[in-house]
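Have a look at the structure below, then the notes.
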Amino acid sequence: MSKNNKTCLFSAISGTITLNGKPVENARIKRVSDERIDDSKTDENGYFTMPSVFANPIFSFMSRFIPGQFVSTQKLYIYADGVEQLLLEGIKRKEIEFTESRGKPWTITCELSDDLIRFRIDGNAFASKCKWDAEHDKRMEILPPS
């Protein structure tokens with residue numbers, strides 16, 4: 001739990017969006033966290049910011065009595081020049097704020113011409129065009145090398 005015993009579904013996020021190294025201005029950033037949708041806009045520098053998303057109090061209260069593992073889906077899209085692109089897709093597995101960035105403020109940089117890469121941070125799985133200051137989990141070897 002975090003912030004007044006509320007469950008954090010998607011931590012506060014900010015960042016800069018570029019295309020070929022140039023800021024993407026006035027683009028819509030859409031965030032989807034479970035069934036919640038909100039949005040923001042980039043400024044003239046390609047910068048945006050969004051606050052943390054918390055579960056409603058009833059969910060937080062009920063989760064204390066119903067056994068199960070916490071999982072929150074996370075998606076971040078950009079709409080620029082009439083085109084939608086997925087910037088980030090993740091699975092949040094801890095209720096605490098900022099587990100996506102190992103406890104630090106979540107500040108990303110995204111280059112739209114980059115390919116999506118897959119990785120984990122603190123057990124949270126991501127596919128993203130974005131980078132942020134958090135060391136990726138070490139990959140586990142399932143089978144020994146042949």
*Enumeration of residues in the stretch 1-29 that are in contact with a strand residue (DSSP E or B) (Cβ under 6 Å, 6 or more places away or on another chain), of a type outside the set (Val, Ile, Thr) and under 15 Å from LYS129 (Cβ atoms)*: GLY15, ALA27
*Working only within the stretch 95-111, note down all residues that are crowded, with 19+ Cβ neighbours inside 10 Å and outside any strand (DSSP E or B).*
GLU95, GLU97, PHE98, THR99, GLU100, SER101
*asked:* Return the residues of the stretch 112-140 that are in contact with a Gly (Cβ under 8 Å, 6 or more places away or on another chain) and in a loop (DSSP other than H, G, I, E, B); say none if nothing qualifies.
replied: ASP137
*asked:* For the stretch 114-140, give me the residue count where each residue is over 16 Å from LEU76 (Cα atoms) and of a type in the set (Gly, Ala, Ser).
replied: 2
*Search the stretch 1-53 for residues being basic (Lys, Arg) and assigned to a strand (DSSP E or B), and hand back the single one that is farthest from LEU87 (Cα to Cα).*
LYS6
*Residue check: is GLY103 modelled with pLDDT of 90 or more and more than 15 Å from the chain's Cα centre (by Cα)?*
no
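The values are calculated or read from the model by the stated rules, or taken from the named source; none is laboratory data. Everything numeric here is computed off the predicted structure, so don't read it as measured data. When we count neighbours, we look across all protein chains shown, and the Cβ atoms used for this are built from the backbone with ideal geometry, even at glycine.
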